[in-house]
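The block underneath contains the structure these notes are about, expressed in structure tokens.
Laboratory data are not the source of any read-out in this text; all were calculated from the coordinates shown. All figures in this text were calculated on a predicted structure; none of them were measured in a lab. For neighbour counting, all protein chains shown are included, and Cβ atoms are generated from backbone atoms with ideal geometry for every residue, glycine included.
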């Protein structure tokens, strides 16, 4: 009798496994990949070419599925402190402390993630549109728990699109009890930047579309911009990139076409959904900051090769400023497979001055390029009198040129450039926020999927 029971149990287990294999093969495959990846791939596998070919599309897709599947079912995630050191900026005797809080493995959050803050909380959105938050007071701990807020972005965009490693999520912003997310959406082979809004609700975020660029692209391009900043009266600034116009079938200089919106910075009224153009002639803004005290809009943008810029706009409502791209730039066109360089310069000549051709000059340009990202005015943080200090993140991969570094840009009281120094962090700094009440800088490091917290000693 006992033998029969054992045989029955074995048969039951066998048939159960068979059913799982037949009806849930994909999840089983993902689980297997998870175990193998977590066990055998190093925490820094994005840069470990011996174990992982990041350029392989099939591998990227599998990792994207893996990330989504496991993070989808998590109610919270934990960041653990992995780094705590002091350092000095160049030409300064002020000492700062940098801590890193890391969530492993890397791919759980995706290659890109963005942050925003309110008075009490830090919010993170990953490349899959998943949103997590933690109280700011928790950031002093060795381990920080982030709780997940469920949302409907995957229903709106489609999970297949989110898992295609296109990085459609471009930014997140908290403003007036609402969360805003910028996204490159797809419909009928048409890609365009859209803004979604949801009332802040920790149980569920129900996003709805409040803006879309009526001018779309036939191909996906990361030069979409998408960064946002709070203004007043529930209005927000939105910076739109020019979407890589030279790669289009019928390329033209869209950045100088004010009616196209590509390459524009707009002010969007989130109550009635109306907008107005504030400036144009931008390539790919990746950082934006509004200084209420001086009434100045600051943006950092990716230019062509050797043409990254920081721009200031003091004429937000007096006149529409033109910052020159693609007629003026201190950089040069990247060689590409779509068009010969001669054709590029016919469409976008990139003259080596702005002012002489009626355009607004950048206050700083970077040659070689550093791929600038998040930016903030941080006067209180550095305790400077009669000066303005900007902190700027960068991407790239060449630290000698200022890539993967935190840049400190000093301006005088009238916002004229004085000097630039940088501290190499060996991290691609995707996003950066200054919390004035706490007097700390929070950064998202996409190289290690970490949160960086910078304090003054």
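So for region 238-298, averaging the separation of alpha carbon pairs under 8 Å that are six or more residues apart and normalising by length, what relative contact order in percent results?
Reported as a whole number, the value is 31 percent.
Could you order the peptides 153-160, 234-241 from most to least packed, using the average number of other C-beta atoms within 10 Å per residue? Present the calculation step by step, with values, prior to reporting the outcome.
Values: 153-160: 16.0, 234-241: 25.0.
Per-residue mean Cβ counts within 10 Å order the peptides as 234-241, 153-160.
So how do 94, 81 line up by other beta-carbon neighbours within 10 Å, fewest first?
94, 81
At 0.36 nm per residue, minus the direct Cα-Cα distance, what do residue 272 and residue 414 gain on full extension? Give it in nm, one decimal, please.
47.6 nm
So, in nm, how far is label residue 218 from label residue 143 when the simple model puts each one 7 Å beyond its Cα toward the Cβ?
5.4 nm
Once you keep just the Cα pairs under 8 angstrom separated by 6 or more residues, what percentage relative contact order results for region 77-456?
Once normalised by length, the contact order is 13 percent.
For region 245-310 and region 369-384, what is the separation of their C-alpha centers, rounded to whole Å?
After rounding, the separation between the Cα centres reads 19 Å.
How much of the DSSP bridge set in region 77-456 is antiparallel, in percent, rounded to the nearest 5?
Around 95 percent antiparallel, to the nearest 5.
Of the peptides 410-418, 391-399, how do they stack up when ordered by the mean number of other Cβ atoms within 10 Å, highest first?
Top to bottom by mean Cβ count within 10 Å: 391-399, 410-418.
If you bin the C-alpha pair distances of region 77-456 every 10 Å from 0, what whole percents do you get?
That works out to 5, 25, 35, 26, 9, 0, in percent per bin.
Pop a pseudo-label 7 angstrom from the Cα along the beta-carbon direction at both residue 202 and residue 424 and give the gap in nm to one decimal.
4.3 nm
Rounded if a/c is under 1.5, else prolate if a/b is larger than b/c, else oblate: which is region 216-312, with a ≥ b ≥ c the root eigenvalues of its Cα gyration tensor?
Because a/c hits 1.5 or more and a/b fails to exceed b/c, region 216-312 counts as oblate.
Per-residue counts of other Cβ atoms within 10 Å, averaged by peptide: what ranking do you get for 134-140, 269-275, highest first?
Numbers: 134-140: 15.7, 269-275: 14.1.
Packing proxy ranking, top to bottom: 134-140, 269-275.
Roughly how many nanometres apart are two label points built 7 Å out from the Cα toward the Cβ at residue 314 and residue 177?
With each label point 7 Å from Cα toward Cβ, the separation is 3.7 nm.
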